[in-house]
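Contents: one structure, followed by commentary.
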Amino acid sequence: MTQIPVGVLGASGYTGRELCKLVLAHPCLELAFAAANDQQGTVARVGGHQLVFTPASEAPLNQVALVFSALPHGVSGAWVQRANAAGARVVDLSSDLRPGRGVDATPLAKNLAEAPYGLTELCRAAISNAEVVANPGCYPTAALLALAPLIERDLIAPNASIIINAASGVTGAGNSPTRELLFAEVTEDFRAYGVGNSHRHVNEMRAAVDGWRGRADLDLVFTPHLLPVARGILASMVVPLRTALADPLAPWREAYAEEPFIVVSPDPPALSHVVHRNIVSISACMVVSRQPTLLVMSAIDNLLKGAAGQAMQNANLMLGLPEHLGLPS
Ligand SMILES: NC(=O)c1ccc[n+]([C@@H]2O[C@H](COP(=O)([O-])OP(=O)(O)OC[C@H]3O[C@@H](n4cnc5c(N)ncnc54)[C@H](OP(=O)(O)O)[C@@H]3O)[C@@H](O)[C@H]2O)c1
């Protein structure tokens, strides 16, 4: 069978390397290029293969069916435009094209402004035919896949504020050297950052929630934390309900019964259940409190389900392949 050529921009980064690994192990894809910036020319061992990172400027964008852009936000949008103009379909992992990108962001060309949000399980119909897909952020993936069944079933109390506390491993910040991410700075510590709803994922999550069943009355209070592990996100969400649920797991069991990458369990999820897998693990229980309140927990691998794995689900759909191909469940 002829392999489909695809390329990775930002291949030397954490999500880019993960994408290269998935492409190299994929039964129907071949890696036509792996492009980098400062690390161009570097030889790296990725997924048991030796890769030489080419300069992004030399990436043969017109010779591939699809490009994964794993570039930083602010850089990615222009490359997405370039790749799409050269004839490639694109999955963009940055926040440049996502909903809620902000009023100050650079205006986008029409084809990019209309890129569907790539939360695969909820947006399949739009993704399959899209030229360009905006892959969701890691925290929004963990939170939105867990909250969607409650919003779709209109179970959340009117005018509720949902409290989302989430902790991520340090690969969430990428692999550019930063003093506050040095081993000695993060180890044996645990801290919040982006407090007061100032993290850019708040706008992305709000924009998605506003669009679902017109629930613009809902708000979110999101506090991310830095966890001294390499990978994984664990989110705990406190959700005020209209009325108590007799079976707190029923919304997810109904909504995701056929989903291979969503695991619903009465046991609270742990990072050890999800790292190196393309799954989201979801649990929920009623909270003993004066108002009907649900605690929802979800865990993902930020580099797989929160980035490269979800991007591969989307690419498979765009290329007419089975969605689960080449992905660890
Ligand atoms: N890390 C996560 O958990 C995660 C999850 C979801 C989404 N994302 C998003 O995915 C994207 C990549 O994240 P990451 O964590 O993989 O970042 P990263 O580790 O910092 O990697 C960034 C990549 O972009 C390349 N690059 C930087 N500036 C460039 C430029 N001007 N021209 C061409 N290439 C350039 C880098 O090349 P050199 O290293 O060679 O300079 C590197 O390959 C970001 O937009 C991020 O927000 C990340």
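Bear in mind these aren't lab numbers, they're just calculated from the coordinates by the rules spelled out. Quantities reported herein were computed from a predicted structural model and do not represent experimental measurements. Glycine gets a Cβ as well: all are built from the backbone with ideal geometry, and neighbour counts include every protein chain shown.
Table for the structure above
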quantity: Principal axis dimensions, the stretch 28-77 - Cα atoms, whole angstrom, descending; calculated: 31, 28, 18
quantity: Span from the the stretch 67-143 Cα centroid across to the the stretch 265-326 one, whole angstrom; calculated: 20 Å
quantity: For the chain, calculated [θ]222 nm from helices alone, where every DSSP H run of n ≥ 4 adds -39500 (n - 2.57); calculated: -7000 deg cm²/dmol
quantity: Angstrom value of the Kirkwood radius, inverse mean 1/r, which spans all Cα pairs in the stretch 108-179; calculated: 15.0 Å
quantity: Kirkwood hydrodynamic radius of the stretch 269-311, from inverse mean 1/r over distinct Cα pairs, in Å; calculated: 11.4 Å
quantity: Percent of beta bridges antiparallel (DSSP, the stretch 90-238, rounded to nearest 5); calculated: 40 percent
quantity: P(r) tail fraction, the stretch 149-247 - alpha-carbon pairs more than 23 Å apart, %; calculated: 37 percent
quantity: DSSP beta bridge pairing in the chain, given as percent antiparallel to the nearest 5; calculated: 45 percent
quantity: Ordering of 93-99, 217-223 by packing [mean C-beta count within 10 Å, highest first]; calculated: 93-99, 217-223
quantity: Spherically averaged projected area in nm², based on the convex hull that wraps the Cα atoms of the chain; calculated: 16.9 nm²
quantity: Computed over the stretch 205-329, the ratio Rg/Rh where both radii use C-alpha atoms and Rh is Kirkwood; calculated: 0.98
quantity: Convex hull (Cα only) mean projected area of the stretch 190-270, reported in nm² to one decimal; calculated: 7.4 nm²
quantity: Values of log10 I(q)/I(0), in the order q = 0.10, 0.14, 0.16 Å⁻¹, for the stretch 1-99 under a Debye, Cα-only, solvent-free model; calculated: -0.23, -0.45, -0.59
quantity: Highest to lowest packing among 128-141, 169-182, scored as the average C-beta count within 10 Å; calculated: 128-141, 169-182
quantity: Ordering of 293-301, 309-317, 29-37 by packing [mean C-beta count within 10 Å, highest first]; calculated: 309-317, 293-301, 29-37
quantity: Whole-number percent relative contact order across the chain, with pairs defined as alpha carbons under 8 Å at least 6 apart; calculated: 18 percent
